[in-house]
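If you scroll down you'll find the structure; I have some questions about it.
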Amino acid sequence: PLALRIKDVGKTYTGHRGTAVEALRGIDLDVAEGEFVCLVGASGCGKSTLLRLVAGFEDITSGQLDARNGPVDGPGPDRGVVFQDYGLFPWLTVAANIAYGPRQRGLPSAEITARTARYLTMVQLDSFAERYPSELSGGMQQRVAIARVLANDPAVLLMDEPFGALDSLTRERLQHSLTEIWQQVRPTVLFVTHSVEEALFLADRVIVMSGGPNHGVPGHIVHEERV
Ligand code: ADP
Ligand code: ADP
């Protein structure tokens, strides 16, 4: 079964003085459940735009975009997003950050505690449960962010350059952790990176994008390859 169905999708922004900025045109991409897909391509080719459309942060201009529950119409707990800058709540402990989503959704407290414990362990941060984000390194904060999003049990995990702000050793460690987590939990993953090396390490399938408004042609898919 398909987790995402992207059919002839286009996105046009309204730029300066109302000018049209055509960021994407004719995007066709089907993603199977449990697949790990990386989007690569030079800066400005529309990778983040495509991810934001799938996240429901922005509306498509043309075409059709479906997740498992039907047409994407705004954000939803079925699609969890991890950003480059972690986006943790600084006033909450690590455990409370992870518990946040399940609490918001009013899950029974035993279930909240069980999920929090499971994902704390999965990202190897048990001993940091009562610490605050500012007390952690960048790599640890990103692990919390991954645990927090997984605690919502999303069908699709959307990641936009999640390791882009980390040093290369930490980045490699996180790549290995993410692979292990993915093998355990098996969410569908759509992962944006400008690093071909990272994409080849992580992905089942690499989608190469090109173009972009600054190149005089809307962003589009030029190549795809199973890894
Ligand atoms: P990438 O993630 O591949 O670097 P983006 O999706 O961020 O590319 O951007 C694609 C193009 O769309 C760029 O030319 C960018 O300037 C433009 N763009 C992105 N967001 C907006 C916006 N909100 N308004 C106008 N143009 C935008
Ligand atoms: P609060 O003071 O708001 O309860 P905590 O950081 O103590 O904030 O905990 C938030 C939630 O995370 C708790 O409701 C609990 O369910 C869960 N939690 C806290 N610590 C752990 C832990 N070590 N293992 C599993 N779950 C935990």
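If you add up the charges near residue 34, with Lys and Arg at +1 and Asp and Glu at -1, over every other residue whose beta carbon is less than 11 angstrom from its beta carbon, what do you get?
Working: positive: 186; negative: 33, 35, 204.
Computed value for this residue: -2.
At a 1.4 Å probe radius, carbon and sulfur cover how many percent of the accessible area of region 111-205? Intermediate values should be presented prior to the final figure.
Values: 1960 of 4160 Å².
Result for region 111-205: 47 percent of the exposed heavy-atom area is carbon or sulfur.
Between region 30-64 and region 186-201, what's the alpha-carbon centroid distance in Å?
Region 30-64 and region 186-201 have Cα centres spaced 12 Å from each other.
Between residue 124 and residue 96, what is 0.36 nm times their sequence separation minus the Cα-Cα distance? Round to one decimal in nm. Provide the component values of the computation, followed by the final result.
Details: separation 28, 0.36 × 28 = 10.08 nm, distance 1.58 nm.
Extra length from residue 124 to residue 96 when fully extended: 8.5 nm.
Could you identify which residue out of 72, 21, 81 has the top mean-square fluctuation in a GNM of the chain using Cα springs shorter than 10 Å?
In this elastic network of the chain, the residue with the biggest mean-square fluctuation among 72, 21, 81 is 21.
Please give me the summed charge of the neighbours of residue 76: other residues whose Cβ is under 13 Å from its Cβ, Lys and Arg +1, Asp and Glu -1.
On the way: positive: 68, 79, 105; negative: 66, 73, 78, 153.
Result for the local shell: -1.
Determine, for each peptide in 9-18, 140-149, 87-96, the mean count of other beta carbons within 10 angstrom over its residues, then list the peptides with the highest first. Mind dumping the intermediate values first?
Working: 9-18: 13.0, 140-149: 24.6, 87-96: 16.5.
Ranking, from highest mean packing down: 140-149, 87-96, 9-18.
Still on this structure: Nearest 10 degrees is fine. How inclined is helix 109-122 to the longest principal axis of the chain, computing both from alpha carbons?
Between the helix axis and the principal axis of the chain, the angle is about 70 degrees.
Using a 1.4 angstrom probe, figure out how much accessible area region 172-227 has per residue, in square angstrom, rounded to the nearest whole. Don't skip to the answer; put the middle values down first.
Details: 2960 Å² over 56 residues.
Spelled out: the 1.4 Å probe surface of region 172-227, per residue, equals 53 Å².
Please name whichever of 222, 151, 27 sits farthest to the positive end of the charge dipole of the chain, dipole taken about the Cα centre and charges placed at Cβ: Lys and Arg +1, Asp and Glu -1.
Sorting the options by dipole projection puts first 151.
Taking the Cα centre of the chain as origin and charging only Cβ (+1 Lys, Arg; -1 Asp, Glu), how large is the dipole, in debye to the nearest 20? List each step's numbers first, then the result.
Numbers: 21 positive and 27 negative charges, 75 e Å.
Dipole magnitude for the chain comes out near 360 debye.
Only bridges whose two residues both fall in the chain count here: according to DSSP, what percent of them are antiparallel, nearest 5? Walk me through the intermediate numbers first.
Numbers: 23 of 41 bridges.
Approximately 55 percent, going by the DSSP bridge assignments.
Moving on to the next point. Which parts of region 104-128 would a label at residue 153 reach, counting a residue when its backbone N lies under 19 Å from a point 7 Å out along Cα-to-Cβ?
Inside the label zone: 104-123.
Could you work out what % of the accessible surface of region 1-82 is carbon and sulfur, using a 1.4 angstrom probe and leaving DNA, RNA and ligands out of the count?
Values: 1880 of 3880 Å².
The value for region 1-82 is 48 percent carbon and sulfur by accessible area.
Can you give the local net charge around residue 116? Use residues other than it whose beta-carbon is closer than 13 angstrom to its beta-carbon, Lys and Arg +1, Asp and Glu -1. Mind dumping the intermediate values first?
Values: positive: 103, 115, 118, 148; negative: 111, 126, 130, 153.
After counting each charged neighbour, the total is 0.
Right, here's the next one. Rounded to the nearest 0.05, what FRET efficiency is calculated for residue 28 and residue 137 with R0 set to 25 Å and r the Cβ-Cβ distance?
Approximately 0.05, to the nearest 0.05.
Moving on. What size of dipole, in debye to the nearest 20, comes out for region 24-126 about its Cα centre when the only charges are +1 on Lys and Arg C-beta atoms and -1 on Asp and Glu C-beta atoms? Kindly include the intermediate steps, with their values, before the conclusion.
Details: 9 positive and 12 negative charges, 63 e Å.
The dipole of region 24-126 has a size of about 300 debye.
Could you do me a favour and compute the accessible area per residue for region 1-146, 1.4 Å probe, result in Å²? Numbers along the way, then the final one.
On the way: 7250 Å² over 146 residues.
On a per-residue basis, region 1-146 sits at 50 Å².
Please list, ordered by chain and number, the residues whose modelled amide H lies under 5 Å from the amide H of residue 191; skip anything fewer than 5 residues away on the same chain.
Here 37, 38, 39, 159 satisfy the definition.
Of the GluC sites (Glu not before Pro) in region 109-192, which ones lie in a loop per DSSP and count no more than 10 other C-beta atoms within 10 Å? Before the final figure, lay out the partial values.
Working: sites: 111, 130, 135, 172, 180; in loops: 130.
Sparse-neighbourhood loop GluC sites (Glu not before Pro): 130.
Still on this structure: Lys/Arg Cβ at +1, Asp/Glu Cβ at -1, dipole of region 71-227 taken about the Cα centre: which of 74, 194, 209 is farthest positive-ward?
74
The values are calculated or read from the model by the stated rules, or taken from the named source; none is laboratory data. Just so you know, these numbers come straight off a predicted model, no measurement behind them. All Cβ positions, glycine included, derive from the backbone under ideal geometry; neighbour counts span all protein chains shown. What goes into the accessible areas is simple: the full protein's heavy atoms, side chains included, and nothing from ligands, DNA or RNA. Shrake-Rupley method; radii C 1.70, N 1.55, O 1.52, S 1.80 Å.
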